[in-house]
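Only one structure is covered here, and it is reproduced in the block below.
The values are calculated or read from the model by the stated rules, or taken from the named source; none is laboratory data. Since this is a predicted model, take the numbers as computed values, not measurements. So basically every Cβ, Gly included, is an ideal-geometry build from the backbone, and we count neighbours across all protein chains shown. Surface areas here come from the heavy atoms of the whole protein model, side chains and all, with no ligands, DNA or RNA. Shrake-Rupley method; radii C 1.70, N 1.55, O 1.52, S 1.80 Å.
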Amino acid sequence: MSDRSSKLLRIGGASLAAIGLVLVLLSPVIGEPISPGSLWWIEPVAYVGAGVFFLGAIASFVSIQLASRREKHGADDRSWSQVTQDYFDTFAHDMGRPLRRILGKQREVRALLNETGETTPRMVTELLDEIEQQAPNFRLMIENVRVLVDLEDEYAQPAVEPVDAAAVILNIADRYLPIARERGLDLVWWCEPGEFGLVYTDASALDHVVTNLVDNATKFADGQIEIRLTRNDAHFLVRVWDDGPGIAESHLVHVFDRGWTPELSARREKQSSGLGLFIASSLSERCGGDLLVESRQSTGDEANDHHTAFTLSLPLDNRPAAAK
Amino acid sequence: MTSKGVGNGQKILVVDDEHMSDLMRSVLRRLESDGFRPIVVAPEGPHVSGDDYEAQALFAMEDERPAAVLLDVRFGEYDTDRFKGLSILKKIVDRDSSMPVLMFTQYTHGPYRDTAVMASLNVSSSVDFIDKLASPEEVVLRLRRLIGSAPETIKIGSLFEIDAQNAAVYAIDNGRRDLIREIQGMKLEILNELAAAFFRSEGELVPFSRLERFSEGEDSRASLRVRIRELKVALGNAVSREFGATELIINVRNRGYRLVQPVD
């Protein structure tokens, strides 16, 4: 039973009980004019009133019991979710340990090669770049699993706070600029208006959704990636555009499905868990917004403007009405 | 791309018990090559705990007066030190609420942790979080932005220097600065706007909407195009070069303009 129907049952029950009580109390007043001097009409009204009262009282009792059970169950669920998150943190930390060592050694090798003053063979640099690129992959993978655990918790609410949306986008651009450069891609971002101001949203969710979209774009773009932040009266929009080969129209409806991978479409084959876009879409919805995709597939013709663009739209102010 | 010397010798206090690890060494190297002076907190003794780091970090705060602090969350192997970094953070912010602190964490930072930490801090404190797996370049970019002070002059590669406060653009030739007199008024405003975005982030472009206020006439886009061309010619003349369409100031797919570092 939903929260809403439980509340309706409680209000309905209480109203019935009140009507019943009023009927019992007023039974002499109602019954007297109908059969003066006799109890003939007073008693039935009182009986009906009493019946209505008991019905209402039972409905109220049941709804209160349900609400209290739900609250207890909810509290258990929340603590379970917290425990899961704590375990997950430890797991992520320990799993990251060998990766941090590998990454550290790789950077040390790079520094040592630089110190020799000789030109490092391109093949070696490419191998080192390949190792370095596993770091953002790992970061996103761990974060995706954490969000997936969080999404399973039906009682979890977005943590709405004042957020400098332009700063969030800027940080993501910083993270992906070196990766884009290594892959020979030009990544640009901008916001309009320049002084974007604060929005009330879940900063972690915004960061996570856009990170997934930009990560996706760096995998498929041919040469260009654009991130644009704009706003209208009620929403702010983040559009992540890439000039990749595009997605077939028949596949577009499936891109947000859990487990959908680009290997299923005409796009280039790359590593993918099929979780990123599913999570991005689910998180967007939980934050009161939506995520849309628009794409034009490559036809082999040079003039063909093939691209894929994801647009995230979130409310400018997602605080509950009472907090505004 | 951060150019050399951007740190201007500013001190960065590094509080991390893994400061000797390869990963941290790569960050320290990057800080140095970008002109920062990392001051590493390294307590000595057979059993160093998080408390030792805390005491020494607070002492160094007073003694060294760093421009920012790079702080780890987890210290040592003692379970009580699991979130020692958060308690050090609280003490740093209590002493100097404006101190920029970049939390270097190995944890995924979910909404619970961020909100809990941010809620315990003063609203004016400038604290940010970064994953320990971030590239050294990303760490320096984030740190630089957290410190927030834009430099007096912005260098565009090794060829130009823009001094926004004194409204002047210089061409650099063997360490000598020559004022480029032709760049004034609206052209200078446009260049300042482009240079500010260039300094903030390599990938940031300035959309037409923000530049068109520095142009006049009915067709403001065309007028802007003319000014940009004049700007490129003036900059090119100053260093005896000709900058093509894909050099120095580029039109990004008709969205706006962006400064790119000139190739020496």
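Can you compute the modelled spin-label distance between residue A:112 and residue A:154, with each label point 7 Å from Cα toward Cβ, in nm?
Output for this residue pair reads 5.6 nm.
Any chance you could check the Cα centroid distance between the range A:103-135 and the range B:213-252 for me, in angstrom?
Each part's Cα centre sits 39 Å from the other's.
For Cα pairs less than 8 Å apart in space and 6+ apart in sequence, what is the mean separation divided by the residue count of the range A:158-323, i.e. the relative contact order in percent? Each step should come with its number before you reach the end.
Working: 337 pairs, mean separation 40.8, N = 166.
Relative contact order, the range A:158-323: 25 percent.
In degrees, nearest 10, range 0 to 90: what is the angle between the Cα axis of helix A:3-34 and the longest Cα principal axis of chain A?
Value to nearest ten degrees: 10.
Just tell me, in residue order, which DSSP H segments of chain B are both 15 angstrom or longer along the helix axis (alpha-carbon based) and at least -0.5 in mean Kyte-Doolittle hydropathy.
Details: long enough: B:22-33 (16 Å, -0.38); B:50-64 (20 Å, -0.82); B:84-95 (17 Å, -0.01); B:136-147 (16 Å, 0.18); B:185-200 (23 Å, 0.59); B:220-238 (27 Å, -0.06).
What comes out of the filter, once short or polar helices are dropped, is B:22-33, B:84-95, B:136-147, B:185-200, B:220-238.
How much net charge surrounds residue A:112 when only other residues with a Cβ under 12 Å from its Cβ are counted (Lys, Arg +1; Asp, Glu -1)?
Details: positive: A:105, A:107, A:110, B:25, B:29; negative: A:108, A:115, A:118, B:22.
With Lys, Arg at +1 and Asp, Glu at -1, the neighbours total +1.
Any idea what the relative contact order of chain B is, in percent, if you count C-alpha pairs under 8 Å spaced at least 6 apart?
Working: 387 pairs, mean separation 33.5, N = 264.
Reported relative contact order: 13 percent.
Ordered by residue, what ³J(HN,Hα) values in Hz, to whole numbers, does the range A:245-256 give under the Karplus form 6.51 cos²θ - 1.76 cosθ + 1.60, where θ = phi - 60° and Gly and Pro are x?
With the stated coefficients, the range A:245-256 comes to x, x, 10, 4, 4, 5, 8, 4, 5, 9, 4, 8 Hz.
What FRET efficiency would be calculated for the residue pair residue A:8, residue A:323, taking the C-beta separation as r and a Förster radius of 30 Å, to the nearest 0.05? Before the final figure, lay out the partial values.
Details: r = 25 Å, r/R0 = 0.83.
Result of the calculation: an efficiency of 0.75.
Any chance you could look up the accessible area of residue A:141 with a 1.4 Å probe, heavy atoms only, rounded to 10 Å²?
Its accessible surface works out to 100 Å², give or take rounding.
Taking every residue in B:234-243, how many Cβ atoms of other protein chains lie within 10 Å of its Cβ, on average? Before the final figure, lay out each step's value.
On the way: counts 0, 0, 0, 0, 0, 0, 0, 0, 0, 0.
Mean partner shielding for this stretch: 0.
Taking a ≥ b ≥ c as the square roots of the Cα gyration tensor eigenvalues, with a/c under 1.5 meaning rounded and otherwise prolate when a/b beats b/c, else oblate, which class fits the range B:147-211?
Details: a/c = 1.85, a/b = 1.30, b/c = 1.42.
Judged from the Cα gyration tensor, the range B:147-211 comes out oblate (a/c at least 1.5, b/c at or above a/b).
Could you work out, residue by residue across A:84-96, how many beta carbons of other chains sit within 10 Å of that residue's beta carbon, and then give the average as an integer? Write out the running numbers ahead of the final one.
Values: counts 0, 5, 1, 0, 3, 8, 2, 1, 3, 8, 1, 0, 6.
Neighbouring Cβ atoms belonging to other protein chains average 3 per residue here.
Charges only on Cβ, +1 for Lys and Arg, -1 for Asp and Glu: so what's the dipole of the protein assembly as shown about the Cα centre, in debye to the nearest 20? Kindly include the intermediate steps, with their values, before the conclusion.
On the way: 66 positive and 89 negative charges, 98 e Å.
Dipole of the protein assembly as shown, to the nearest 20 debye: 480 debye.
Between residue A:68 and residue A:18, what FRET efficiency follows from the Cβ-Cβ distance if R0 is 25 Å, with the result rounded to 0.05? Kindly include the intermediate steps, with their values, before the conclusion.
Details: r = 22 Å, r/R0 = 0.88.
So, using R0 = 25 Å, E works out to roughly 0.70.
So what are the ³J(HN,Hα) numbers for the range B:157-171, from phi and the Karplus equation (6.51, -1.76, 1.60; θ = phi - 60°), rounded to whole Hz, Gly and Pro as x?
x, 9, 9, 10, 9, 10, 10, 5, 5, 8, 6, 9, 10, 10, 9
Determine the relative contact order of chain A: mean sequence separation of Cα pairs under 8 Å and six or more apart, normalised by residue count, in whole percent. Walk me through the numbers on the way to the answer.
Details: 463 pairs, mean separation 41.5, N = 324.
Relative CO of chain A lands at 13 percent.
Excluding residue B:66 itself, what net charge comes from residues whose Cβ is under 13 Å from its Cβ, given Lys and Arg +1 and Asp and Glu -1? Let's see the in-between values first.
Values: positive: B:11, B:37, B:65, B:95; negative: B:62, B:63, B:64, B:96.
Surrounding charge for residue B:66 is 0.
For residue A:7, give me every one of the aspartates and glutamates with a C-alpha distance below 16 angstrom, ignoring sequence neighbours fewer than eight places off in its own chain.
List returned: A:71.
Along the charge dipole of the protein assembly as shown, pointing to its positive end and built from +1/-1 on Cβ of Lys, Arg, Asp and Glu, which listed residue (A:189, A:313, A:250) has its Cα farthest out?
Sorting the options by dipole projection puts first A:313.
Below 12 angstrom from the Cβ of residue B:145, what's the summed charge of the other residues (Lys, Arg +1; Asp, Glu -1)?
Details: positive: B:142, B:144, B:200; negative: A:164, A:174, B:128, B:138, B:204.
Local net charge: -2.
At 7 Å along the Cα-to-beta-carbon direction for both residue B:239 and residue A:133, put a label point, then send me their distance in nm to one decimal.
Placing both labels 7 Å along Cα→Cβ, they lie 3.1 nm apart.
So in the protein assembly as shown, what percent of DSSP beta bridges are antiparallel if you round to the nearest 5? Can you show the working numbers first?
Numbers: 45 of 70 bridges.
About 65 percent, rounded to the nearest 5.
May I ask you to derive the FRET efficiency for residue A:253 and residue A:301 from their Cβ-Cβ distance with R0 = 30 Å, giving the value to the nearest 0.05? Please report the intermediate quantities before stating the final value.
Working: r = 25 Å, r/R0 = 0.84.
Computed FRET efficiency for residue A:253 and residue A:301 comes out at 0.75.
Just A:14, A:135, A:203 to compare: in a GNM of chain A, with alpha carbon springs under 10 Å, which one fluctuates most?
Answer for the Gaussian network model of chain A: A:14.
Hey, if you put +1 on the Cβ of every Lys and Arg and -1 on every Asp and Glu Cβ in the range A:125-255, which of A:173, A:217, A:232 ends up farthest toward the positive end of that dipole?
Selected residue: A:232.
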